[in-house]
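Shown next, in C-alpha cells, is the structure this report addresses.
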Amino acid sequence: MREGQLDSYHGGMTSNSQRRVLLAKPRGYCAGVDRAVEAVEIALEKYGAPIYVRKQIVHNVHVVKTLEERGAIFVDETEEVPRGAIVVFSAHGVAPSVHDEARGLGLRTIDATCPLVTKVHKEAVRFADQDYDILLIGHEGHEEVIGTTGEAPDHIHLVDGPDDVANVHVRDPEKVAWLSQTTLSVDETVATVEKLRERFPNLMDPPSDDICYATQNRQTAVKEMAAGAELVIVVGSTNSSNSVRLVEVAKEHGADDAHLVDYADQIDPAWLEGVTTVGVTSGASVPDELVQGVLAWLAARGYGEVEEIESVQEKMRFALPHELRKDLRITPV
Ligand code: SF4
C-alpha cells in the first residue's frame with residue numbers, strides 16, 4: 001500500500017495521515033516485578049545456574065522464557081527442588097507453610113515477594129490475631145490469593161467479586177474485615193466493598209489500599225487513553241491479573257474493542273478495520289521491548305504517529321530481597 005493511500009474497510013475509511021497511536025504512561029514493569037526479575041538475574045550471575053524458581057517469577061511468558069534460557073528452572077512445588085539448591089519465591093508471595101517446607105528440605109531461599117503483597121499478608125495476620133473474619137476480595141486460584149490465605153486459613157474467606165457477596169458466611173457479622181488482592185479492578189473492588197458493607201455495616205477497612213499503586217496507575221492511564229481510542233491493545237499474558245483487568249477497564253471506559261497479546265504477531269489485522277486511533281498499554285509484568293514490538297507492527301501498517309499520554313508519574317523502587325543484599329555486601333557482584 002502506498003504512503004497516504006486511503007484504505008477502505010468494512011467499518012469505515014481511515015487514511016494513514018489520520019492514523020495514530022495513544023501510548024499510555026505509566027505502563028509495563030512495576031517496582032515489584034523489576035525487583036523480582038532482577039533477583040533471579042543476580043542470583044544466576046552470583047551463584048550460577050541452575051537457580052530454581054517456584055511458580056512463574058512474574059506472570060509473563062516472555063520474562064519466564066528469557067530467564068529459562070539463562071538457566072532458571074521454574075517448578076510448581078518446592079518439593080521439586082533438589083536438596084541444598086537455591087529457590088526463589090515469586091513476586092506473588094507464598095504461604096508460611098511454603099517457607100516451612102523449604103526449610104525442611106534444606107533449601108536456600110530468596111524471597112522475591114513484592115513488599116506490597118507482604119503488606120497484605122501482615123494485615124491478614126493482624127486481623128486474624130484480633131479474631132476477625134477476613135473477607136479477602138480476589139480471584140480464586142490466583143497465587144497471591146493462595147499465599148495470603150495461607151497466613152490465616154481459619155479466618156480468611158475468599159470473595160470473588162460483587163456477585164459472590166451473598167455466599168459469604170461469617171461467625172460474627174459485627175467482627176468482619178476486608179482485604180484484597182493487589183491487582184484487581186479498582187472500580188469492581190469498590191462495588192464489592194459496597195455490597196459487603198450493606199451486609200456488614202461494621203465492616204473494618206484495611207489500614208491502607210491493598211490494590212497497589214502500579215495497578216491503580218495503569219488503570220487510571222488506560223481510562224484516560226481508552227476514551228480517545230477505538231481499539232486498545234494491552235500487552236500482557238493471559239494469567240496476568242493486572243493485564244486482564246486493563247482490557248476490561250479499556251472496554252468499560254470508551255474503547256470499542258480491546259485485546260490482550262503477548263507479542264505483536266498475535267495482533268489480528270482485522271482488529272484495525274475502520275480504526276483511526278489505537279491505544280497501547282502493557283501490564284505490570286511486561287518488559288517495554290514487547291510494547292516497542294507492537295508499536296513497530298502498528299507503524300508498519302500506517303500507525304506511525306505515537307502520542308504518549310502520561311496520567312501519573314511513578315518513581316517507586318524497592319530494595320532487593322534481603323538474602324541477596326546480605327550476600328552482595330560480603331562479595332559484591
Ligand atoms: S503489581 Fe503491584 S503488588 Fe504486584 S508486583 Fe507490582 S507493585 Fe507489587
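The values are calculated or read from the model by the stated rules, or taken from the named source; none is laboratory data. Please read these numbers as outputs of a predicted model, since none were measured by experiment. Cβ coordinates were reconstructed from backbone atoms using ideal geometry, including for glycine residues, and neighbour counts include every protein chain displayed. Ligands, DNA and RNA are stripped out before the accessible areas are found, and what is left, the full protein with its side chains, is counted by its heavy atoms. Shrake-Rupley method; radii C 1.70, N 1.55, O 1.52, S 1.80 Å.
Going through (1) assigned to a loop (DSSP other than H, G, I, E, B); (2) over 15 Å from GLY279 (Cα atoms); (3) away from the ligand (no atom under 13 Å from the Cβ) one by one, ASP164 falls short only on (1). Only one residue in VAL40, VAL21 is at pLDDT 50 or above and not in a strand (DSSP E or B). Which one? From the options VAL40, VAL21, the qualifying one is VAL40.
Mind checking which residues of the stretch 236-282 are surrounded by fewer than 24 Cβ atoms within 10 Å (Cβ to Cβ), small (Gly, Ala, Ser) and under 16 Å from GLY28 (Cβ atoms)? Of everything in the stretch 236-282, those that are surrounded by fewer than 24 Cβ atoms within 10 Å (Cβ to Cβ), small (Gly, Ala, Ser) and under 16 Å from GLY28 (Cβ atoms) turn out to be SER237, ALA264.
Can you pull out the residues in the stretch 104-158 that are among the hydroxyl-bearing types (Ser, Thr, Tyr) and either open to solvent by 50 Å² or more (accessible area, probe 1.4 Å) or assigned to a helix (DSSP H, G or I) (or both)? So that I can check it myself, show each step before the final result.
Just the residues of the stretch 104-158 that are among the hydroxyl-bearing types (Ser, Thr, Tyr), to begin with: 109, 113, 118, 132, 148-149.
Matches in the stretch 104-158: THR118, THR148, THR149.
Can you confirm whether the stretch 91-98 contains a residue that is farther than 30 Å from VAL280 by Cβ, part of a loop (DSSP other than H, G, I, E, B), at pLDDT 95 or above and not basic (Lys, Arg)? Yes, the stretch 91-98 contains at least one residue that is farther than 30 Å from VAL280 by Cβ, part of a loop (DSSP other than H, G, I, E, B), at pLDDT 95 or above and not basic (Lys, Arg).
Quick one: is ARG317 within 16 Å of the ligand (Cβ to nearest atom) and surrounded by fewer than 17 Cβ atoms within 10 Å (Cβ to Cβ)? Break it down stepwise before answering.
On the way: within 16 Å of the ligand (Cβ to nearest atom): yes; surrounded by fewer than 17 Cβ atoms within 10 Å (Cβ to Cβ): yes.
Answer is yes for this residue.
Would you please name the residue that is nearest to the ligand (Cβ to nearest atom), looking only at residues in the stretch 248-297 that are closer than 22 Å to LYS65 by Cα and in contact with a Gly (Cβ under 6 Å, 6 or more places away or on another chain)? By that ranking, first place goes to GLY283. Within the stretch 52-61, none of the residues are more than 24 Å from ARG325 (Cβ to Cβ), part of a strand (DSSP E or B) and open to solvent by less than 10 Å² (accessible area, probe 1.4 Å). Residues that are under 17 Å from the mean Cα position of the chain (by Cα) and away from the ligand (no atom under 16 Å from the Cβ) within the stretch 103-140 comprise just one, GLU140. Among helices (runs of 4 or more DSSP H) entirely within the stretch 176-252, having at least 3 residues that are within 13 Å of LEU136 (Cα to Cα) singles out 186-199.
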